[in-house]
Amino acid sequence: MNKLIKTLDYLLSRISILLMSVLVFSVLLQVFMRYIIGSPVTFTEELSRFLLIWLGLFSASYAYRQRMHLALDLLVLKLQGRRKVILNIIIHSLIGLFSIAVLVFGGIQLVYLTFILDQYSPALGISMSVIYLVLPISGVAIIIYAVDFILQELGLSESNKVPDVSMEKEDIHAA
């Protein structure tokens with residue numbers, strides 16, 4: 001599991017960097033062509049939109065792994081010991097179930113539907129099923145991370161333990 005997590009971390013971080021770079025280049029190209037040259041490029045707006053979708057979902061998966069997502073941790077901070085472990089397992093289980101139901105299952109249905117309906121993007125001519133493929137891919141990544149977090153809580157996994165960045169009691173009183 002440790003090798004899978006490391007590989008997934010590496011891939012998501014590098015893909016996110018690549019997507020962000022291409023997104024910035026695409027937007028700069030559009031601005032340059034529109035305002036400097038006076039002849040806008042037709043595909044860059046659609047490309048930027050699709051890149052933003054992919055970047056958002058891949059980055060969300062990676063942010064979940066790094067425990068950098070927005071979280072309401074008031075209850076978790078008040079608990080200790082076994083109750084805190086149980087609550088963390090419940091939280092990661094719910095995240096995993098959401099990912100299975102919405103991102104993976106719903107994403108696969110959306111990919112299948114757009115493939116069957118033969119939908120293509122107007123400017124780029126890319127099949128919309130390829131664009132929507134990011135949903136099940138990021139869902140699988142989140143599920144893998146959720147399972148690893150649950151195994152960490154149970155003491156069964158040592159894969160790159162990511163420190164919990166939630167505020168400790170001492171930090172709250174210092175603020």
Subject >> Scope the range 1-20; condition touching a residue at least 24 places away in the same chain (Cβ under 8 Å) and within 24 Å of ILE131 (Cβ to Cβ); matching residues >> reply: LEU8, LEU12, SER13, ILE15, SER16, LEU19, MET20
Original post:
Within the range 105-138, which residues are polar (S, T, N, Q) and assigned to a helix (DSSP H, G or I)?
Top reply: GLN109, THR114, SER129, SER138
Original post:
Give me the pairs: first residue in the range 39-57 and over 12 Å from LEU28 (Cα atoms), second residue among the polar types (S, T, N, Q), beta-carbon distance under 8 Å, and six or more apart or on different chains, which are they?
Top reply: GLU46/SER121; LEU47/SER26; PHE50/SER121; LEU51/SER26; LEU55/SER16; LEU57/SER138
Original post:
Identify, please: which residue in the range 8-19 is aliphatic (A, V, I, L, M) and surrounded by 15 or more Cβ atoms within 10 Å (Cβ to Cβ) and is, among those, farthest from MET68 (Cα to Cα)?
Top reply: LEU19
**OP:** Only residues that are among the hydrophobic types (A, V, I, L, M, F, W, C) and surrounded by 13 or more Cβ atoms within 10 Å (Cβ to Cβ): list them for the range 20-31, please.
**Re:** MET20, VAL22, LEU23, PHE25, VAL27, LEU29
Original post:
Looking at VAL104, is it at pLDDT 95 or above and β-branched (Val, Ile, Thr)?
Top reply: yes
Subject >> Only listed residue being loosely packed, with under 15 Cβ neighbours inside 10 Å, among the aliphatic types (A, V, I, L, M) and at pLDDT below 95, chosen from ILE5, ILE36 >> reply: ILE36
Original post:
Has the range 89-103 got at least one residue that is surrounded by 14 or more Cβ atoms within 10 Å (Cβ to Cβ), farther than 15 Å from LEU57 by Cα, touching a Phe, Trp or Tyr at 6+ places or on another chain (Cβ under 7 Å) and touching a residue at least 60 places away in the same chain (Cβ under 8 Å)?
Top reply: yes
Subject >> Pick from the range 41-55, criterion in a loop (DSSP other than H, G, I, E, B) and surrounded by 15 or more Cβ atoms within 10 Å (Cβ to Cβ), ranking: farthest from the chain's Cα centre (by Cα) >> reply: VAL41
**OP:** Go through the range 56-100 and give me each residue that's within 16 Å of VAL147 (Cα to Cα) and not in a helix (DSSP H, G or I).
**Re:** GLN66, ARG67
Original post:
Quick one: would you say LEU23 is in contact (Cβ under 8 Å) with a residue 12 or more places away in the chain, more than 20 Å from PRO136 (Cα to Cα) and either outside any helix (DSSP H, G or I) or more than 16 Å from the chain's Cα centre (by Cα) (or both)?
Top reply: yes
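The values are calculated or read from the model by the stated rules, or taken from the named source; none is laboratory data. Since we're looking at a predicted model, the values are computed, not measured. Please note: Cβ atoms are built from the backbone with ideal geometry, for glycine as well, and neighbour counts cover all protein chains shown.
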